[in-house]
Amino acid sequence: MTANNSTPENKFSQATLAVHGGELTHEQPHGAVVSPVFHTATFAFENFDQMRRYARGELTDAYFYSRYANPTVAEAERKIAELEGAETALVTSSGSAATFCALATVCQAGDEVIACDSIYGGTVKVLTKVFSHLGINTRFVSLDEIPNLAEIAGEHSRVFWFETPANPLNRIVDLDMVADVCRQAKLFSVVDNTFASPVLQRPIEHGIDAVMHSATKYLGGHSDLTAGALTGSKEFIERARQTSVMVGTTLDPAAAYLLSRGMKTVALRVRASCDNALALARALHKHPKVARVYYPGLEDDPGHALASRQMSGFGGVVAIDVVGGEPEVETLFNSLELVRTAPSLGGVETLASYPLYSSHAGFSDQQLEAAGVSAATVRFAVGIEAATDIIADITQALDKS
Ligand SMILES: Cc1ncc(COP(=O)(O)O)c(C=O)c1O
């Protein structure tokens, strides 16, 4: 925690770091317990010599221009780094921007990305519609192939990208195993930790090189901002920061303030959401209109043992296959009264989404099969309302489907 400008590592628990982490008392004038928002695009030099010394790299802590750095944004970065137990962090204008910066930093034309095929659909699109045009191709591997990465990787393979739990079916990947095989395969490992949040899982402690977040989700926590984050070593993050500064994927200070404010309650929110999700998953497991529940907190879920080992909770997302197909799903969605139909997750409110028409829209049948997404698949991003109300609403809607 950097409050009072000290950095005693691991002195405070994560819930305390969520509240106080990243704050600098000298940036909180008049004894304010909340940092001001530095709504400024640029920073004035005191004199010509200061400008010259900045340009020569002699004033490393000075602020220059908010696309490069801003104190409000820097506070959010320090808080995220402390929550993830990482050396440092970069925040960006969205999770997708963080994905872009990570990959553009590690790869150049001619290189290959290896990505798990169970990942957020938007990440697949960045890989296949942006990076492929820049001469960086992606090889997708199934979960079962991950232990063989050392054999799969070629001389141009640079990075392995994966998610756990993976969107939308909560498939679980073994972090220790990935760290091991990536070391053998000389691949830089990056995990999208959005579904777990640092409250449930800290991949760097397992040896993963870098962690990416859609901070739009649990870190922000209130569905009122779009942001992303990367955490990792100083060396990697400083290179990613150069990419971000040059392409302008910077987060605005107003959004950075909301992000820091949201993170103060992340430990409470994520625990409440996990409790609700487990209760919902158990209720849906018994429902006659539900063909299958995907939730690693259920004892019969294929990811249960691994999730119990590497996570301190099972997450706030519950996916199901509805008996029937799109017509039954349509009735379900149209019968929901409390739960809103919207993409995204990690907010305080429960949302229902249909991957076929949201995160996985436009995917080929083969890609859908690999991701396990069908016309029956529905995803609930469980919020922090009363579990009884969430369960009652989804159950009555399923009864009508
Ligand atoms: C797992 C995951 N990763 C990345 C993203 C992209 O984040 P953003 O929407 O903030 O760009 C999302 C968005 O839904 C997501 O669910």
*Search the range 322-342 for residues being open to solvent by 20 Å² or more (accessible area, probe 1.4 Å) and closer than 19 Å to residue 276 by Cα, and hand back the single one that is nearest to the ligand (Cβ to nearest atom).*
342
*asked:* One residue is enough: does the range 107-127 have a residue meeting the conditions open to solvent by 10 Å² or more (accessible area, probe 1.4 Å), within 14 Å of the ligand (Cβ to nearest atom), in a helix (DSSP H, G or I) and touching a Phe, Trp or Tyr at 6+ places or on another chain (Cβ under 7 Å)?
replied: yes
*Mind listing whichever residues of the range 281-317 are open to solvent by 20 Å² or more (accessible area, probe 1.4 Å), assigned to a helix (DSSP H, G or I) and not polar (S, T, N, Q)?*
282, 283, 285, 304, 305, 306, 309
*Considering only the range 218-228, state which residues are surrounded by fewer than 22 Cβ atoms within 10 Å (Cβ to Cβ) and near the ligand (Cβ under 7 Å from one of its atoms).*
226
*Tell me, yes or no, whether the range 81-92 has at least one residue that is in the same structural domain as residue 205 (by TED's automatic domain parsing), more than 29 Å from residue 268 (Cβ to Cβ) and more than 16 Å from the ligand (Cβ to nearest atom).*
no
*Would you point out which residue out of 337, 328, 349 is modelled with pLDDT of 95 or more, charged (D, E, K, R) and out of contact with any Lys or Arg (no Cβ under 8 Å at 6 or more places or on another chain)?*
337
*Filtered residues of the range 136-157 (kept if among the charged types (D, E, K, R) and either touching a Lys or Arg at 6+ places or on another chain (Cβ under 8 Å) or within 15 Å of residue 184 (Cβ to Cβ) (or both))*: 145, 151, 155
*So residue 273 fits all but one of (1) touching a helix residue (DSSP H, G or I) at 6+ places or on another chain (Cβ under 6 Å); (2) assigned to a helix (DSSP H, G or I); (3) crowded, with 22+ Cβ neighbours inside 10 Å; what number is the exception?*
(1)
*Would the range 231-242 turn up any residue that is outside the structural domain of residue 395 (by TED's automatic domain parsing) and within 16 Å of the ligand (Cβ to nearest atom)?*
yes
*residue 273 fails exactly one of the following numbered conditions: (1) more than 16 Å from the ligand (Cβ to nearest atom); (2) of a type outside the set (Asp, Glu); (3) under 17 Å from the mean Cα position of the chain (by Cα). What is the number of that condition?*
(1)
*asked:* Suppose we filter 46, 77, 82 for residues that are surrounded by fewer than 16 Cβ atoms within 10 Å (Cβ to Cβ) and either without any contact (Cβ under 8 Å) to a residue 40 or more places away in the chain or not in a loop (DSSP other than H, G, I, E, B) (or both); which single one remains?
replied: 46
*Residues being acidic (Asp, Glu), over 27 Å from residue 269 (Cβ atoms) and surrounded by 17 or more Cβ atoms within 10 Å (Cβ to Cβ): count how many of those fall in the range 355-400.*
0
*Of all residues in the range 242-271, which are within 18 Å of residue 83 (Cβ to Cβ) and charged (D, E, K, R)?*
261, 264, 269, 271
*Could you grab me the full set of residues in the range 200-217 that are open to solvent by 10 Å² or more (accessible area, probe 1.4 Å) and more than 8 Å from the ligand (Cβ to nearest atom)?*
202, 204, 205, 206, 207, 209
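The values are calculated or read from the model by the stated rules, or taken from the named source; none is laboratory data. Just so we're clear, the structure is a prediction, and the values are computed from it rather than from any experiment. Backbone-built Cβ (ideal geometry, glycine too); neighbour counts: all protein chains shown. To get the accessible areas, we keep the full protein, side chains included, count just its heavy atoms, and leave off ligands, DNA and RNA. Shrake-Rupley method; radii C 1.70, N 1.55, O 1.52, S 1.80 Å.
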